[in-house]
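Some notes on the structure that comes next.
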Amino acid sequence: MARLGLGARALGGALVLALLVSASPALADDAIPEEAKLYFRNGVELIQGQPPNYQDAYYQFKLAWEKSQSWKVLSNWGLCALKLERDGEAIWAYTEYLKQKDIDPDERKDLERDLLLLNGNAASVTLSSDIPDLEVVDARGGSSVPPQGYRLEAGKLVLRLRAGSHTLTASLQGKSQRWEVTLSPGRTEEHRFQFAEAQPVAPAPAPAAAVPAPPVAAPPPVSKPAPTKSSTSGGGVRTVGYVVAGAGVLALGGGVFTGIQAKSQENATRDKCRTLPLFGFSCPDSSRADFDKAQQMARVANVLMIGGGALAAGGLVMILVGGPKQRERSASAWFSLSPVVGARDAALVASGAF
């Protein structure tokens, strides 16, 4: 069966594509259902169109394979999958096709070269969800290929995706979740889409009644300090507010500076990569550490900017509530910041009472 390898595509235009596809033998085996033969012919006609319609041809060849299980379908199905950046399916179809003995030596050589490029520029992504048959749509940034849909089986799906920036969107009953990730060749990533509501936590059982202790003499009463009155200018609280707000502004500035450094690091690392036809870009193994460093700097920038915003807001609140209109304030005013660090993000949570 003739197909269009990367070497042939580099030489070919519409004429080369038409000649190769028209040379594909029909599914002439009498044991193959007629329905499968019709799907196969439909796919060939769609590829021969100007421009070739790889999206619709992909589904026709896939149906032809499901109806016939004939190896003769796999080459054209793999070609459409490659054009649509469904690289995991292209790798599988080409690998199964190459197991056959009756393949032209030149075609085998082109297919083996395509497989090297596909495997060398692919990343492995494992998706999971609490919804068993969730549908996920993948779109790669900068690609002219339309977004491709996939469906989880038993709540899990393993994809081989082309290196680059991807946005994967899962939808369920009007709700959607997005996961944006930058994939490098050879890397492995995981993500879980969680749609079920969190189950309420059962209240803890009341502690058993303790045996009463013998009475003891009551200690002398301790007088509680009376609330302190603020000065007409809001004095201490407003001063603390200015300090906290100033620290927030400094943290925001540090976050912006660190973010610029992270972006510069990422751009410098991308300059080491080389662009491949149809595959986006390929980076050397040594660049992985640089990409990780850029991501770490970006997370630090996020922490500084989020924390700086929280500090600035908290300081502003203290300045406002410590103004001349306030008459009394409890002496137990407090303010704290709590770091929250996730697998890929970090933040600062501000809390307090004044």
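The values are calculated or read from the model by the stated rules, or taken from the named source; none is laboratory data. This one's a predicted model, so the numbers in the text were calculated from it and none came from an experiment. Quick reminder, even Gly has a Cβ in these numbers, built from the backbone with ideal geometry, and neighbours come from all protein chains shown.
Remarks
- Count of region 119-147 residues which are free of Cβ contacts under 8 Å to residues at least 60 places away in the same chain and either in a helix (DSSP H, G or I) or within 23 Å of PHE61 (Cα to Cα) (or both): 8
- Hits in region 47-86 (condition: touching a residue at least 60 places away in the same chain (Cβ under 8 Å), under 21 Å from LEU157 (Cβ atoms) and of a type in the set (A, V, I, L, M, F, W, C)): LEU82, LEU84
- Number of residues in region 142-170 that are exposed (fewer than 15 other Cβ atoms within 10 Å of the Cβ) and either within 26 Å of PRO51 (Cβ to Cβ) or within 15 Å of the chain's Cα centre (by Cα) (or both): the value is 8.
- Taking region 42-93 as the range and being assigned to a loop (DSSP other than H, G, I, E, B) and either over 31 Å from the mean Cα position of the chain (by Cα) or not assigned by TED's automatic domain parsing to the domain that holds ASP110 (or both) as the test, the residues that pass are GLY49, GLN50, PRO51, GLN69, SER70.
- Members of region 58-109 that are farther than 11 Å from TYR39 by Cβ and among the aliphatic types (A, V, I, L, M): LEU74, LEU79, ALA81, LEU82, LEU84, ALA90, ILE91, ALA93, LEU98, ILE103
- Any chance ARG41 is within 24 Å of TYR150 (Cβ to Cβ), out of contact with any His (no Cβ under 8 Å at 6 or more places or on another chain) and either surrounded by fewer than 22 Cβ atoms within 10 Å (Cβ to Cβ) or among the basic types (Lys, Arg) (or both): no
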